[in-house]
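Structure, as structure tokens:
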Amino acid sequence: MRLIFLGPPGAGKGTQANVLAETCKVPHISTGDILRGAVASSTDLGMKAKGYMDRGELVPDDLILNMVGNRLDEEDTRLGWILDGFPRNVSQAKFLDVLLEQISQQYDCVVNLDVSDEVIVSRLLDRGRDDDNESVIRTRLSVYREQTAPLINFYRDRQMLVSVDGNQPVEDVTACLSKVIIY
Ligand code: AP5
């Protein structure tokens, strides 16, 4: 199982990736979680990333690409992985293509979780993470539209994309996923 989750902030990428990772016994690789860990430990990466994350902007590619390259080089990724929050723009997607070719791997599928803006804002305000206040959520949504949403066509053109309605309760989204993903 090698899967990429796409979708706006709060779409449920992390929630569904966790369930699938548990079921398929592969690592759930969330670039947001790795970055938050780096911020919490005040590493060089964390200190460089923090301002971008607080504002809801993308952390620059040079920091992210190195981080993902290192993570996909770890032993536990040999049999599969689920990527959540990466790639986030076309240049990250192209980097991933090159990286996977170098390590002789290929993703099986890209899942796009489709969720309306009003559901997103309400879910994230309820969660209340540091970057879950209304103005940062609006920035994250606009960054998503400008930089990440073009990946929908990028992967659709390659016939690798499946879309799932993420507006439903968690268990219903999981059930829909299990119908469109072969594992
Ligand atoms: P990241 O952590 O990736 O945040 P995000 O994309 O905004 O995603 P979220 O974690 O908010 O949402 P999610 O879709 O995972 O939903 P979740 O399952 O958590 O990135 C944070 C920041 O890091 C970025 O802004 C950027 O600065 C930086 N960054 C990360 N990756 C980067 C990259 N590749 N390049 C550059 N910068 C990068 O669910 C959200 C809430 O909704 C939860 O409370 C959950 O319980 C609830 N929920 C989930 N599903 C449902 C459901 N079906 N029904 C009801 N509630 C639900």
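Yes/no per residue for (1) open to solvent by less than 40 Å² (accessible area, probe 1.4 Å); (2) part of a helix (DSSP H, G or I):
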position: Thr15; (1), (2): no, yes
position: Leu35; (1), (2): yes, yes
position: Gly46; (1), (2): yes, yes
position: Arg88; (1), (2): no, no
position: Val98; (1), (2): no, yes
position: Tyr107; (1), (2): yes, no
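Out of the residues in the stretch 148-183 that are buried (at least 17 other Cβ atoms within 10 Å of the Cβ) and assigned to a helix (DSSP H, G or I), state the one that is nearest to the ligand (Cβ to nearest atom).
Out of the qualifying residues, it is Val173.
Under 8 Å between Cβ atoms, at least 6 apart or on separate chains: pull out the pairs that start in the stretch 82-95 with a residue that is closer than 26 Å to Cys24 by Cβ and end on any residue that is near the ligand (Cβ under 7 Å from one of its atoms) and in a loop (DSSP other than H, G, I, E, B).
Arg88/Leu58; Gln92/Phe86; Ala93/Pro87; Phe95/Pro87
Restricting the stretch 13-29 to residues that are more than 17 Å from Cys176 (Cβ to Cβ) and in contact with a helix residue (DSSP H, G or I) (Cβ under 6 Å, 6 or more places away or on another chain), which is farthest from the ligand (Cβ to nearest atom)?
It comes out as Pro27.
Can you tell me which residue among Arg140, Arg123 is open to solvent by 40 Å² or more (accessible area, probe 1.4 Å), touching a Gly at 6+ places or on another chain (Cβ under 8 Å) and in a helix (DSSP H, G or I)?
Going through Arg140, Arg123 in turn, just one is open to solvent by 40 Å² or more (accessible area, probe 1.4 Å), touching a Gly at 6+ places or on another chain (Cβ under 8 Å) and in a helix (DSSP H, G or I): Arg123.
Among the numbered conditions (1) aliphatic (A, V, I, L, M); (2) at pLDDT below 95; (3) in contact with a strand residue (DSSP E or B) (Cβ under 6 Å, 6 or more places away or on another chain), tell me where Ile152 comes up short.
(2)
Can you find even one residue in the stretch 126-137 that is of a type in the set (A, V, I, L, M, F, W, C), more than 9 Å from the ligand (Cβ to nearest atom), open to solvent by less than 40 Å² (accessible area, probe 1.4 Å) and closer than 20 Å to Gly14 by Cα?
Looking through the stretch 126-137, none of the residues is of a type in the set (A, V, I, L, M, F, W, C), more than 9 Å from the ligand (Cβ to nearest atom), open to solvent by less than 40 Å² (accessible area, probe 1.4 Å) and closer than 20 Å to Gly14 by Cα.
For Asp54, only one of the following conditions fails: (1) more than 9 Å from the ligand (Cβ to nearest atom); (2) surrounded by fewer than 15 Cβ atoms within 10 Å (Cβ to Cβ). What is its number?
Result: Asp54 fails condition (1) only.
Just give me the residues in the stretch 1-13 being in a loop (DSSP other than H, G, I, E, B) and over 15 Å from Asp114 (Cβ atoms), in sequence order.
Passing the criteria: only Met1.
The values are calculated or read from the model by the stated rules, or taken from the named source; none is laboratory data. Please read these numbers as outputs of a predicted model, since none were measured by experiment. Glycine gets a Cβ as well: all are built from the backbone with ideal geometry, and neighbour counts include every protein chain shown. Heads up: the accessible areas ignore ligands, DNA and RNA and are worked out on the full protein's heavy atoms, side chains in. Shrake-Rupley method; radii C 1.70, N 1.55, O 1.52, S 1.80 Å.
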